[in-house]
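In what follows, a structure is listed as structure tokens, so that the remarks can point back to it.
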Amino acid sequence: MTALATDHLTDLQHQLHTKRLARDLARRAVQPELARLTHVLARYHDQIANGFGDPHPHTTGLRDAAQRASTLINQAERILGPPADTETPRSALAQKLRATSIALGCGLDLLSTHFPVNSDNDKPTATGAIITAPDTARSLLHQLSTHTATVAHLIQRTPSPANDASGLLLRAAVLSRIHSETEPRRTIIAVPFHGIPQRRPPEAGEDLTQTIAGISASIRRLSNPQTTTSVTTWRYLARAATIVCDLNLKTIQQLIYRMKELDEPDHRSALQTAATATKQTGKKWRDIVRRWDEQTNHHGHPANGPATDASDLILRLGRLIHADPAWTPSPRASYRMKPPDELAPDLTQAARIATITLKAIDAYNTLAANHRAAINDAAVLGILHKQREHPTHLPRIPASARQLSKAYEAAEAKGYEAMTSLGQAIQAMGPHPRYAEEVHLIIRQATTAHNEQAQTRLVAADFPTSIADCLEAPQATYQHGRHHERTHPPRRDLPH
């Protein structure tokens, strides 16, 4: 929301240099909107000064600066008079000011939801601790200094006596800017970004660590393709997915045999559920291959990144499970697999192997979920075929493309079932910190991507109270210099 407000304020900054600004500022509806925006800026500074009710011990200087700036902004607000109470401003400038006020007000309301409203027993969320941290508070105060200065320059062009508020706002902006730059400001990064790894071509004689590292690299590259794809590539990837599902099934079956040897019936049962779901996933991918075969007669290995990464993944997954260290996917390839006790001597190693299998399923489930480009290519190909047969007919999306889309959705759904069941089986094998967090993250991402409702729940899970409850709670506010409690819910179209 603050980014949206920044966009609006950038537009207002551009209007400072237009010839019609003085005429627009003279309109009766503009000054009340400037008062409204000034009030929202005062609310921001009040919250920073108060530490959102949970001040960080290392932000004393910032809070003092915010309090002093807030005092100046409140004085400017009293000079400007009451804010607008109209439903919709009539002038374009007043509408832009209203949009800025609403965006900033909503942004502050969202920040406030991370802090308890009424109960002294409630604690701020984990995000609340980030909001009150020195770097975040300093960054927010720095943003507000720019917004306050922009409003000050606009008010400076208004008729007297309203323009007297300009000097107060400029002093507040300078105060905020100075205190927000007392220390070098660092970019706030919530999660470090990891680039796409370089390809690791399979080599003969790789040990288990090298094999798993190569598999992980191929999976990450498949999940984030760096080159464009074609119909031939989509078809090849679908065929590769069926092979990967078959290899994953063999791996899980060997783990099932090992659980039987270790006398672990619960783990064995959980893995059997995962094996069934993996087998069904492979059937859905074979249906996709069949539909691609009906779309085109182009065969062969595409010479691009995704196809090469898929080949590398197949080769290493095959060598992970088969006894032949030089195994290759061919009709003459050996079917003899590693003994279960060699593949997974204990539960920790079983969890490690199963996690690699889970990541492979996740990679192709990501491809299934992001199949729109594939369907677009299939639709274009189908339209071209129809145009050759019926040149006078209007082009329309062929039924074959819609069926292919449904096939991808079915593969994604079955893949999600396989991931969920296998992830639960891995988690039940015991507390293995090395794999537990990775498995938890994979399942969480898959759940979020698969279920749009889960996305909403995931976003809202960090809030201690709903936004509606937070807005309806009594809060202190300032108006015309008098402090009072607001006991009625705010108007939906006004930031409070």
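Per-structure values
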read-out	value
Computed lengthening from residue 440 to residue 269, 0.36 nm per intervening residue step minus Cα-Cα distance	59.5 nm
Peptides 155-163, 402-410 ordered by average Cβ neighbours within 10 Å, highest first	402-410, 155-163
Set of lysines with alpha-carbon distance to residue 414 below 23 Å, sequence-local pairs under 8 removed	250, 279, 283, 284, 359, 406
Computed FRET value (nearest 0.05) for residue 260 with residue 403, which takes r as the C-beta separation and R₀ as 45 Å	0.65
Residue-span extension gain [residue 110 to residue 91] - 0.36 nm each, minus C-alpha spacing	4.0 nm
Whole-number D in µm²/s for the range 273-381 (Stokes-Einstein; Kirkwood sum over Cα pairs; 37 °C, 0.692 mPa s)	200
For the range 263-279, 3J(HN,Hα) per residue [Karplus equation, 6.51 cos²θ - 1.76 cosθ + 1.60, θ = phi - 60°, Hz, x = Gly/Pro]	6, 10, x, 5, 5, 4, 5, 5, 5, 5, 4, 5, 5, 4, 5, 5, 4
The range 57-73 - phi-based ³J(HN,Hα) in whole Hz, Karplus 6.51/-1.76/1.60, Gly and Pro as x	x, 9, 10, 4, x, 5, 5, 5, 5, 5, 5, 5, 5, 4, 4, 5, 5
Alpha carbon convex hull of the range 89-179, projected area averaged over orientations, nm²	7.8
Label-point gap, in nm, between residue 373 and residue 209 - each point 7 angstrom along Cα→Cβ	3.5
The range 198-259 - Rg and Dmax from Cα coordinates, angstrom	14.3, 43
P(r), alpha carbons of the range 326-375 - 5 Å bins starting at zero, rounded %	5, 15, 13, 14, 20, 16, 10, 5, 2
Label-point gap, in nm, between residue 293 and residue 424 - each point 7 angstrom along Cα→Cβ	3.5
Nearest-0.05 FRET efficiency for residue 60 and residue 160, computed from C-beta distance (R0 41 Å)	0.60
For residue 337, distant residues with modelled amide H under 5 Å away	323
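Computed from the coordinates by the stated procedures, all read-outs in this text should not be read as laboratory data. From a predicted model like this one, the values you see are computed outputs, not experimental measurements. A quick note on method: Cβ atoms are made from the backbone with ideal geometry, for glycine too, and the neighbour counts reach across all protein chains shown.
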